[in-house]
Amino acid sequence: MSRVLVFGGMARTLVMFRTPLLRALVAAGHEVIAAAPDEDPDVPPAMESLGVDWYPINFRRNRVEPVRDLFLISRIRRMIRDVRPDLVLCYTIKPNIYGGWAARAEGVPSAAMITGLGTVFMNPGSRRRIAAKMLRRACLHHGRVFVQNPDDRDDLLRAGVLDNDSKVVMTAGSGVDLESFPRSPVPDRPVFLMLARLLEAKGVREYLQAAKIVHAACPEVEIRLAGMEDPESGGVPLAEVRSAVDAGHLEYLGNLPDVRDALAACSVFVLPSWYEGTPHSSLEALATGRAIITTDARGCRETVQSERTGLLVPLRDPEKLAAAMIRLVRDPALRASMGNAGRDLAEERFDADQVAKTIMDALAL
């Protein structure tokens, strides 16, 4: 059996997105250690309940800071020496880069999970060129690179970040825990919900604008938004959300530690994001049996079979988004059929246990 260090960019994502993988690794008899910054008091007991050791490591996940990051690399190397893993499995940009560098320096095999290329890679310019070179250096050491959609894979190959495609493994996102997110009855009334960090790139502003249009056409509709502020990552000021709430266009639910009740209370899930790896919130909505409205963008389009499980709309187009929402307001039978088909799709394609098996098989664990 192996000692596996799972190294991520935010502590709570270990619980939100990695629990099935961590559980599968432990069930297979491996010793598992999890490490991430932004320590959350709920994370250590959650890791303990899974049989996973917790190793907190602090760093600023949203900024490239050359001097600070040099010290970070040193701390990652020290962590690897402390933990003595047989494999370092990284996810999110800083762990993927610096974790790969540190693992190479310590002579330990590593792998990377690309959960989305992010704003640095999506915007041309010097920052993208530098980040691509840094990630390429790490990927030369990573034995496997897991990606969640074909657009990201092709971009990484085209940019030379990956020297060949033999180490690339495609996964169905991070998958969704089908037991934790069971199918639930769809409310008869139209209730829209968006779950996301309050970021411009998540399409929050488009959602606010669409809510105004929909509310004017269908004043009986309930439109809800939930998610955490994240000002360092291109966040939309909470004041803009509050303004929409004060105007009566939508309800803001705050940052929800558990989204299941909010999903059960909605009839349509909306995510107008500009790009994703594969959005986990959409997978949770699919599993719950909800129709999806999302953009025809990388990662987002992977979660919808158009006209069967949901509707695809153009990027950054609040009018088209509002039109799709109004269409589902006026067609309750379509909302219900799309929700049922969405649960079927989650079972067929996005089972987190199957995603964990794909990852473990590729890593020979």
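The values are calculated or read from the model by the stated rules, or taken from the named source; none is laboratory data. Note that this is a predicted model, so its numbers are computed, not measured. No Cβ is skipped: glycine too gets one built from the backbone with ideal geometry, and neighbour counts run over all protein chains shown.
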ask   = Of the residues that make up region 338-361, is at least one assigned to a loop (DSSP other than H, G, I, E, B), of a type in the set (Lys, Arg) and either in contact with a Ser or Thr (Cβ under 8 Å, 6 or more places away or on another chain) or on the phi > 0 side of the Ramachandran plot (or both)?
value = no
task = Take Leu156 and decide whether it is within 22 Å of Ser233 (Cβ to Cβ), outside the structural domain of Ala297 (by TED's automatic domain parsing), of a type outside the set (Val, Ile, Thr) and surrounded by 17 or more Cβ atoms within 10 Å (Cβ to Cβ).
result = yes
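Matching residues to (1) assigned by TED's automatic domain parsing to the domain that holds Arg298; (2) over 24 Å from Ala105 (Cβ atoms); (3) at pLDDT below 90:
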site: Gly125; (1), (2), (3): no, yes, yes
site: Ile130; (1), (2), (3): no, no, yes
site: Leu135; (1), (2), (3): no, no, no
site: Cys139; (1), (2), (3): no, no, no
site: Val145; (1), (2), (3): no, no, no
site: Pro150; (1), (2), (3): no, yes, no
site: Gly160; (1), (2), (3): no, no, yes
site: Lys167; (1), (2), (3): no, no, no
message = Residues to consider are Pro272, Pro332; find the one that is more than 15 Å from Phe181 (Cβ to Cβ), in contact with an Asp or Glu (Cβ under 6 Å, 6 or more places away or on another chain) and in the same structural domain as Gly203 (by TED's automatic domain parsing).
response = Pro272
inquiry  = Just to verify a result, which residue in region 11-32, among those that are outside any loop (DSSP other than H, G, I, E, B) and out of contact with any strand residue (DSSP E or B) (no Cβ under 9 Å at 6 or more places or on another chain), is surrounded by the fewest Cβ atoms within 10 Å (Cβ to Cβ)?
reply    = Ala27
Yes/no for Ala35 being assigned by TED's automatic domain parsing to the domain that holds Arg78, in a strand (DSSP E or B) and either crowded, with 18+ Cβ neighbours inside 10 Å or modelled with pLDDT of 95 or more (or both) = yes
task = Looking at (1) buried (at least 18 other Cβ atoms within 10 Å of the Cβ); (2) under 25 Å from the mean Cα position of the chain (by Cα), find the lone condition where Met79 falls short.
result = (2)
request  = Could you tell me which of the residues Arg68, Arg60 is basic (Lys, Arg), at pLDDT below 95 and in a helix (DSSP H, G or I)?
outcome  = Arg68
ask   = Taking Ile213 and the conditions (1) surrounded by fewer than 19 Cβ atoms within 10 Å (Cβ to Cβ); (2) under 18 Å from Pro257 (Cα atoms); (3) among the β-branched types (Val, Ile, Thr), which numbered condition does it fall short on, given that it satisfies the others?
value = (2)
message = Which pairs turn up if I take residues in region 160-185 that are surrounded by fewer than 22 Cβ atoms within 10 Å (Cβ to Cβ) and look for partners that are part of a loop (DSSP other than H, G, I, E, B) with beta carbon separation below 6 Å, at least 6 apart in sequence or on another chain?
response = Ala172/Phe350; Arg183/Gly289
ask   = Residues of region 216-225 being buried (at least 17 other Cβ atoms within 10 Å of the Cβ) and touching a helix residue (DSSP H, G or I) at 6+ places or on another chain (Cβ under 6 Å), which ones?
value = Val221, Ile223
request  = Scan region 47-57 and give yes if some residue there is crowded, with 18+ Cβ neighbours inside 10 Å, of a type in the set (Gly, Ala, Ser) and either in contact with a helix residue (DSSP H, G or I) (Cβ under 8 Å, 6 or more places away or on another chain) or not in a helix (DSSP H, G or I) (or both), otherwise no.
outcome  = no
Selection within region 304-321 - in contact (Cβ under 8 Å) with a residue 40 or more places away in the chain and either more than 22 Å from Ala264 (Cα to Cα) or in contact with a Pro (Cβ under 7 Å, 6 or more places away or on another chain) (or both) = Val313, Leu315, Arg316, Asp317, Pro318, Glu319, Leu321
